[in-house]
1. Select from His95, Ala82, Ala63 the residue farthest towards the positive end of the dipole of region 14-104; place +1 on Cβ of Lys and Arg, -1 on Cβ of Asp and Glu, and compute about the Cα centre.
2. Going by a ≥ b ≥ c, the root eigenvalues of the Cα gyration tensor, does region 21-99 fall in the rounded group (a/c under 1.5), the prolate group (a/b larger than b/c) or the oblate group?
3. About the Cα centre of region 14-104, what is the dipole size in debye to 20, counting +1 per Lys and Arg Cβ and -1 per Asp and Glu Cβ, all else neutral?
4. Rg/Rh for the chain to two decimals, with Rh computed the Kirkwood way over all alpha-carbon pairs.
5. I'd like to compare 7-13, 109-115: which one has the highest average count of other Cβ atoms within 10 Å, and what's the full order after that?
6. Contact order normalised by length for the chain, with contacts defined as Cα pairs under 8 Å and 6 or more residues apart; what percent is it?
7. Calculated from DSSP H runs of 4 or more alone, at -39500 (n - 2.57) each and per residue, what is the 222 nm mean residue ellipticity of the chain, nearest 500?
8. For the ranges 79-86, 49-56, 116-123, what's the packing order if you count other beta-carbon atoms within 10 Å of each residue, average per peptide, and put the highest first?
Amino acid sequence: MTSRRKLPIGIQTFAKIRDGGYYYIDKTPLIARLAEQGSFYFLSRPRRFGKSLLIDTIAAAFAGQRALFEGGAAAVALGVDAAAAQRPRLFLADHWDWGRRHPVIRLSFAEGRLSEPDALQAHIHDQRRPPGFE
């Protein structure tokens, strides 16, 4: 009997979905198009519509985490566990400049309401700098 992939209920990290054998709808052609057009984007969707997962996927691409986008023998060659490498290869595996890495700055406002300007400023200030920004 063939084992089924799991549904990623409540999982918002791209690496967990890819390495954990969960179903994943490949949105990477959209990411390639967004990167090529190069502008500012405002992502407005209702709650639970995958905004955090999309942002995490974009961050993984810009950080050069190629192994997450590969599948099969190519994934194993990049150090992915053989069981996790059975995942399908994603569009960006062949349509991204993996030789370039870009710093990714992420600010999260998912922790609740910040109704006072001082609280908002403190929240932004308290978020740590990403690695590489010393």
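Just so you know, all these numbers are worked out from the coordinates, no wet-lab data involved. The structure displayed is predicted, hence computed values, not measured ones. Every residue, glycine among them, receives a Cβ derived from its backbone with ideal geometry; neighbour counts consider all protein chains shown.
1. Highest projection toward the positive end goes to Ala63.
2. Since a/c reaches 1.5 but b/c is at least a/b, the shape of region 21-99 is classed as oblate.
3. My answer is approximately 400 debye.
4. 1.00
5. 7-13, 109-115
6. 22
7. After summing the helix terms and dividing by the residues of the chain, the value is -9000 deg cm²/dmol.
8. The most tightly packed comes first, giving 49-56, 79-86, 116-123.
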